[in-house]
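A.B. asks: Let me begin by handing over the structure; questions about it come next.
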Amino acid sequence: MADSVAIEVRRYRPEEKSEPYWQRYEVPVREEWMILDALNYIKDNLDGSLSYRWACRMGVCGSCGMMVGGEPILTCASYLADHLPGPIRIEPLRGFPVVRDLVNNLDDFMDKLTAVKPWIVREQEQPLSEGEYLQTPEELDAYKQYSMCINCMLCYAACPIYELEPAFIGPAAIALAQRYNFDSRDQGAEERMDHLSRDEGIWACTFVGECSVVCPKDVDPAGAIQRYKVKAMTQWYKSMLLPWGERKR
Ligand code: SF4
């Protein structure tokens, strides 16, 4: 294994230069290092001005997603040695505005996420005297896969539609809408459908499927979107064919 590797980082420091530029660093290679360790080495030893986000270092917080060699990955979960011989190119996640260096502006994603109401919606809460909302293991299984999302946005960076149509609500927000739609305690599916059955919602997806390929948590947002489309079509057919009272079922 090589002793060192060149890392090229896409820098953006608007207070100094109006355009992004590439900066090259030589970093030692350690077998146990992740890409994030190499960035931390640069920050601690070579260039303290480099900006990037990270927190948990264990693939849970979702904050260290970047483009490495053109692919969106969690930098805390990808071995440096797997990217040899280099040079290794590191950029901020594609499709999002950049604040500086490797730090993206998350506002668009957060707005879209909030709009799908990713929480349990109840028309009426049951009285406390009736106790908790109980769920069977089967009811938990119905949404558990979608609940594994860590909001890392790798799926957005991999999605060609989001890059071309920034209004697209996008894979993770739709998968998280499904996480609550399939929760037996939730009653907000109809509100979410109103929001997501628009052109920039589920119908903007052309099922490229890259979102599910890059997802580090096997959430399968592409599958979530296709299930949503089936549901929307079924509801539409019912609204055309059935008398009013039957449509709601
Ligand atoms: S669906 Fe997967 S890739 Fe997308 S934000 Fe959630 S965990 Fe990340």
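A.B. asks: Give me the extension gain from W22 to A142: residue separation times 0.36 nm, minus the current Cα-Cα distance, reported in nm with one decimal.
C.D. replies: Separation in residues times 0.36 nm, less the Cα-Cα distance, equals 38.6 nm.
A.B. asks: Starting from 0 in steps of 10 Å, tell me what percent of the Cα-Cα pairs of region 107-247 lands in each bin.
C.D. replies: Whole-percent P(r) values from 0 Å outward: 12, 40, 33, 14, 2, 0.
A.B. asks: Next question, about the same structure. Are there any chymotrypsin sites (Phe, Trp or Tyr not before Pro) in region 94-188 that are in a DSSP loop and have at most 16 other Cβ atoms within 10 Å? List them by number.
C.D. replies: Answer in residue order: W119, Y133.
A.B. asks: Separate question: Normalise the Cα radius of gyration of region 4-104 by 2.2 N^0.38 Å (N = residues in it) and let me know the number.
C.D. replies: Here the answer is 0.99, to two decimals.
A.B. asks: What residues have an amide H closer than 5 Å to that of V99, excluding those fewer than 5 places away on the same chain, when H is modeled at 1.01 Å from N in the peptide plane?
C.D. replies: N104, N105
A.B. asks: To continue, here is another question. What translational diffusion coefficient, in µm²/s and rounded to a whole number, does the Stokes-Einstein relation yield for the chain at 37 °C and a viscosity of 0.692 mPa s, taking the hydrodynamic radius as the Kirkwood radius over Cα pairs?
C.D. replies: Translational D for this selection: 163 µm²/s.
A.B. asks: Separate question: List the lysines whose alpha-carbon lies under 22 Å from that of K144, not counting same-chain residues fewer than 8 positions away?
C.D. replies: K112, K117, K217, K229, K231
A.B. asks: Okay, moving on. How far, in nm, would the chain grow between E132 and T234 when pulled straight, counting 0.36 nm per residue and subtracting the alpha carbon separation?
C.D. replies: That pair, E132 and T234, stretches by 33.5 nm at full extension.
A.B. asks: Can you list the residues, at least 5 places off or on another chain, whose amide H is less than 5 Å from the amide H of M34, using H built in the peptide plane?
C.D. replies: HN-HN under 5 Å from M34: L80.
A.B. asks: Something else: In whole Hz, what ³J(HN,Hα) sequence does region 19-29 give by Karplus (6.51, -1.76, 1.60; θ = phi - 60°), x for Gly and Pro?
C.D. replies: 10, x, 8, 9, 10, 9, 10, 9, 10, x, 9
A.B. asks: Can you list the lysines whose alpha carbon is less than 24 Å from that of K43, not counting same-chain residues fewer than 8 positions off?
C.D. replies: Cross-link targets: K17.
Each value in this text was obtained by applying a stated rule to the coordinates, not by laboratory testing. For clarity, every value in this text was computed on a predicted model and none was experimentally measured. All Cβ positions, even for glycine, are placed from backbone atoms using ideal geometry, and neighbour counts span all protein chains on display.
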